[in-house]
Structure formats: C-alpha cells, structure tokens
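Undergrad: Here it is, the structure in full.
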Amino acid sequence: ARVLDAAGTDDERVVEAALRPRRLAEFPGQPRVRDQLGLVLEAARRRGSPPDHVLLSGPPGLGKTTLAMIVAAELERPIRVTSGPAIQHAGDLAAVLSSLDEGEVLFLDEIHRMSRSAEEMLYLAMEDFRVDVIVGKGPGATAIPLELPPFTVVGATTRAGLLPAPLRDRFGFTGHLDFYDVADLVTILRRSAGLLGVEADGAGVAEVAGRSRGTPRIANRLLRRVRDWAQVHGEGVVDARAARAALALFDVDEAGLDRLDRAVLEALCRRFGGGPVGLSTLAVAVGEEADTVETVAEPYLVREGYVLRTPRGRAATAAAWRHLGLAVPRETAQ
Ligand code: ADP
C-alpha cells in the first residue's frame, strides 16, 4: 500500500478510530459544512425530532465517517454502520431498517454502490418511514407494509454524481467536503500527536502537513511514520529533522509527490518533451498499468496543476518542469 493512499487500510481502522474528533466543536476545518450541519442538528435537537437526512460527499480520507459519528454523538443517538457494497439485495436493507430504534442514525458509506432495488427501498423508507416486505415468491408474493420509527440516514459518497436523482433528493442536507489547507492540517496533526502521546514541534508538524495532499487520513499516517523514525533514530520528538528523514525514506517529496507521481512527471518531460502523450504510452514508460497511472497518480497531479488532460493526451505544465528542476520550454502551459 502506498503511504500516500487516501483510502484507509483494514489495519488502520483501530488507530483511525482513536484519532477521530468526537464532537463538532473539536472538528477542525470544513467551516461551511461544520456551521451548516451544526445548525441543522441544533434545530433538530430543540424540536426533539430527527433532523433531515444528511449526505456527505467528497474524496476519501476527508472526514465523512468522522462526521457521521459526530451527527449521532450530537443527537445523543446510537449509530448503525453499514455500506453500499454490503447491501446487495433489498432484503439486506429491509433487515437493517426494520431493526432500527427511534431516532437512530444509519450511516451508509459508499452509498452510490448500493444495488438498484435497495436504492428504491431506501428512498421510500427515507420519505415515508415504511418498507414493503415481500413475502413469498412468484405470482403468490405479497407486499406487507412495515412502519418504521423515524430515523436519520447519513450517506457518504465519493461520487455524488452517481446517485440517482430520486435518492439524492431525499437528503434534506448535503455537505461537500473539500481538501484541507495546511493550517487546518497542522491543527489536526497537533491534536493527533497529543492523542498518540508523542511530542511534536511546530516545524515538524508543518513539514508533515505540507506533504499530506490536503487529506487528514494521509497526514495522520505520515505522522505515525515520522514518530516511528523519531523513536528509532531520533529523540522521540517529531521535529523537522525527523519529518524530513522519515518522509525521504518513504519517498514523499516536499510537494507530497511519491515515486510514481515523479516517475510520471519524469517520463512526460524527459522522454516525451512535455507531451501531449497518450495515457497508455505514458503508462508503459513508467512500467505501470494505465489504470494505475490514471486513478492513483493522475488525479492529484492534475489537481495540483502539474499535468493537463488534453484531447491529444497528457501534457506537462510549467510547474512539472520546475518541480523536476528543469528549464521550462517555451510555450508550455502555466
Ligand atoms: P472518510 O470517511 O471521508 O474516508 P474518515 O472520517 O474515515 O474519512 O477520516 C479518516 C481519518 O482522518 C480518521 O482517522 C479521522 O480521524 C481523520 N480525520 C478526518 N477529518 C478530520 C478532521 N477534520 N479532524 C481530525 N481528524 C480528521
């Protein structure tokens, strides 16, 4: 697994759970979503009824699961956690829905990956707090309506555009999470260092924050690697020296690019004169599958303005040449 992968791994679950902020007031960053969600939850609390259903969208590792847990904590209700891929049949969903308690929060991660039949059942349940349980098979099958107590769905998706409109419309509140700026990541890292019981100074934390691709999950993971280095080779303190050495060991450069990202830029600039060059040709040049280059390296390179996607292929921008310490050819896009 890449140290810069924004998706979490199974063995990170425990440490991630320990690092999650528990209440809205201790959740750094995403000020708009925080304020909007805070209002929705406070109003619901005062009314004494469940809030609108909440949809959280945005790239992995930005805090969607964390916010779902916070919704339940702020409402002082239990939370049931499941995910789109775990609900392949409408029956799986019916089983979950029919066992919910009044006011419970149902967290559906990767909600865009639910089956069509489950989706239809879900949006009826969200609107009318009712499911039709089908009993029997074939012509003799009958639908028995089952009343549900009011509950709140918190859906999370990396691809809001993939949700069918009828489902999307059942969410009264949608929050879009965006990448964090360095100052917010510094706040998150200080808090995480405290929870991990490791001393961290300002320069060390800033060094990690600047290389974390705007993503708290990556920031926390890099912090743990720097802590490891500090414990083995240093004085146990996350400082600039430990951060630089550990991140060099894991091939993460000052801009938060790793070996694959740099290989793509090197190939683009040195082998193909800056492009444009087709994705498959580029992939062969770096010795990777086209799919890996497209889904693992490219999104961040494009977002940070190192690479352009053009109709004729991928092209390096001036920032890419500069990052490699090369002279920028004339007529290169900025
Ligand atoms: P997502 O569900 O969007 O993939 P998570 O909520 O699982 O992301 O967050 C991944 C990790 O990053 C968790 O360990 C969590 O504690 C941390 N994290 C995410 N957002 C924040 C934040 N705003 N403040 C502190 N930690 C955060």
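Residue by residue, here is whether (1) in contact with a strand residue (DSSP E or B) (Cβ under 7 Å, 6 or more places away or on another chain); (2) closer than 30 Å to residue 230 by Cα; (3) small (Gly, Ala, Ser) holds:
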site: 128; (1), (2), (3): no, no, no
site: 131; (1), (2), (3): yes, no, no
site: 154; (1), (2), (3): yes, no, no
site: 157; (1), (2), (3): yes, no, no
site: 161; (1), (2), (3): no, no, yes
site: 177; (1), (2), (3): yes, no, no
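Undergrad: Any idea how many residues of region 97-138 are charged (D, E, K, R), surrounded by 14 or more Cβ atoms within 10 Å (Cβ to Cβ), farther than 13 Å from residue 150 by Cα and out of contact with any Gly (no Cβ under 8 Å at 6 or more places or on another chain)?
TA: Residues meeting the conditions: 3.
Undergrad: A further question on this structure: Which condition number does residue 221 fail, the rest of (1) in a helix (DSSP H, G or I); (2) more than 12 Å from the ligand (Cβ to nearest atom); (3) of a type in the set (D, E, K, R); (4) surrounded by 14 or more Cβ atoms within 10 Å (Cβ to Cβ) being met?
TA: Condition not satisfied by residue 221: (2).
Undergrad: Take region 15-64 and flag every residue that is more than 27 Å from residue 126 (Cα to Cα), among the charged types (D, E, K, R) and surrounded by fewer than 16 Cβ atoms within 10 Å (Cβ to Cβ). Full working, then the answer.
TA: Looking only at region 15-64, we keep the residues that are more than 27 Å from residue 126 (Cα to Cα), and these are 15-21, 25-29, 31.
Within this subset, residues satisfying the condition of being among the charged types (D, E, K, R) are 16, 20, 26.
Selection gives 26 alone.
Undergrad: Moving on to the next point. When residues of region 177-204 are filtered for being surrounded by fewer than 13 Cβ atoms within 10 Å (Cβ to Cβ) and closer than 14 Å to residue 240 by Cβ, how many remain?
TA: 1
Undergrad: Return the pairs, sorted by first residue and then second, in which the second residue is among the aromatic types (Phe, Trp, Tyr) and part of a loop (DSSP other than H, G, I, E, B), the first residue lies in region 321-334 and is under 11 Å from residue 305 (Cβ atoms), the beta carbons are less than 9 Å apart, and the residues are 6+ apart or on different chains.
TA: From residues that are under 11 Å from residue 305 (Cβ atoms), the pairs are 323/306.
Undergrad: Can you list the helices (runs of 4 or more DSSP H) lying wholly within region 228-334 that have 1 or more residues being over 27 Å from the mean Cα position of the chain (by Cα)?
TA: Fully inside region 228-334 and qualifying: 240-249, 259-266, 279-286, 318-323.
Undergrad: Within the bounds of region 190-213, is there any residue that is away from the ligand (no atom under 15 Å from the Cβ) and in contact with a Gly (Cβ under 6 Å, 6 or more places away or on another chain)?
TA: yes
None of the figures in this text is laboratory data; all of them are computed from the coordinates on show. Bear in mind that the values here come from a model prediction, so they are computed numbers and not experimental data. Counting neighbours? That spans all protein chains shown, and the Cβs are built from the backbone with ideal geometry, glycine included.
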